[in-house]
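Colleague: Take this structure first; my questions come after.
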């Protein structure tokens, strides 16, 4: 369950034609999940190959249209596999499909748009070179969480203005040509997501905004504060559903204990929400159903239905209305 997803700019997404979505990447595998469930197109995603090591995980990720992309850290010998990956991307775009990549190259919870890798240019320009008649729209996507490590979370998803990749294509592209399209995309990403410049003042600005209880999902408002150097403090609200948390933990203590065990095994901070979502999705409802079955055998069917309904309702209310601190 998600606290709240605010989606803007869906009208910018063409219903047909080849599209390359380019998104910032603050929160592991949750990012493609957020985008694909709030997007009218069927998306294929490029994601780091390291996530595909285990057979069961590989099968699951492939079922979600995730495609592994190999980096030098995966081993120099593995890079040759990218030729096949790029060929698949060319075919997808040539068949008018929608492809999504995270051009920063890795996930990072910091609220900043980092430098874009040039791999996307090889994809779009390679596809155009193969089929000069192919029109490819690039749509920047900004993802901003109130707190990327807290699930359920509040998140803002903003789709930008389409950029026609063909306008930047040349038969002999050089570094400056690629830089031009990267700059155009970066400018949009810095307005579609909260962008604190990554310099010596980053930590100071991040702490100031968090202590002011800012709603980071109001992207335009927060970016305006950063640019004007004026922070408007927001009044802290009372968390009226805080009392439900111990009830939920008690009612789902086995999934909660399992999550505590898994959490200690997660070494990459940006994957905290991913694993919390995964554990919760796979265990909480089955645990409620198991308890309902036990209640049915001990008492009545009506008691079992009331228990399950109340359990889901309490979980839903807490997910939607608990207050997430700005971090």
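Colleague: Which residue fluctuates most in the GNM of the chain (Cα springs below 10 Å): 215, 94, 201?
Modeller: Comparing 215, 94, 201 in a Gaussian network model of the chain, the most mobile one is 201.
Colleague: How far, in nm, would the chain grow between residue 80 and residue 266 when pulled straight, counting 0.36 nm per residue and subtracting the alpha carbon separation? It would help to have the intermediate numbers written out before the result.
Modeller: Details: separation 186, 0.36 × 186 = 66.96 nm, distance 2.98 nm.
Extending this stretch completely gives an extra 64.0 nm.
Colleague: If you fit an axis through the alpha-carbon atoms of helix 119-130 and take the longest principal axis of the Cα set of the chain, what angle between them do you get, 0 to 90°, nearest 10?
Modeller: 50 degrees
Colleague: On a 0 to 90 degree scale, rounded to 10, what angle separates helix 253-265 from the longest Cα axis of the chain?
Modeller: Long axis of 253-265 versus the principal axis of the chain: about 40 degrees.
Colleague: Where does each of 188-197, 125-134 land if you order them by average Cβ count within 10 Å, highest first? Let's see the in-between values first.
Modeller: Numbers: 188-197: 21.5, 125-134: 15.4.
Result, highest mean Cβ count within 10 Å first: 188-197, 125-134.
Colleague: Related question: Using the beta-carbon distance between residue 15 and residue 243 and R0 = 56 Å, what value does 1/(1 + (r/R0)^6) give for FRET efficiency, to the nearest 0.05? Please list the in-between numbers first.
Modeller: Numbers: r = 46 Å, r/R0 = 0.82.
My answer for the efficiency is 0.75.
Colleague: Taking every eigenvalue of the Cα gyration tensor of the chain, multiplying by 5 and rooting it, what semi-axes result, largest first, whole Å?
Modeller: Numbers: eigenvalues 290, 133, 63 Å².
Equivalent-ellipsoid dimensions as semi-axes: 38, 26, 18 Å.
Colleague: With the Cα gyration tensor of segment 77-116 giving a ≥ b ≥ c as the square roots of its eigenvalues, does the rule (a/c under 1.5 for rounded; else a/b larger than b/c for prolate; else oblate) give rounded, prolate or oblate?
Modeller: Because a/c hits 1.5 or more and a/b fails to exceed b/c, segment 77-116 counts as oblate.
Colleague: Output the 0 to 90 degree angle, nearest 10, between the alpha-carbon long axis of helix 82-94 and the longest principal axis computed from the alpha carbons of the chain.
Modeller: That works out to roughly 90 degrees.
Colleague: Rounded to the nearest 500 deg cm²/dmol, what is the calculated helix-only ellipticity per residue at 222 nm for the chain, with -39500 (n - 2.57) per DSSP H run of length n ≥ 4?
Modeller: Numbers: 11 runs with 148 residues, N = 327.
Helix-only estimate at 222 nm: -14500 deg cm²/dmol.
Throughout, read-outs are computed from the coordinates displayed, never taken from laboratory work. Note that the coordinates shown come from a computational prediction; the quantities given were computed from them, not determined experimentally. Backbone-built Cβ (ideal geometry, glycine too); neighbour counts: all protein chains shown.
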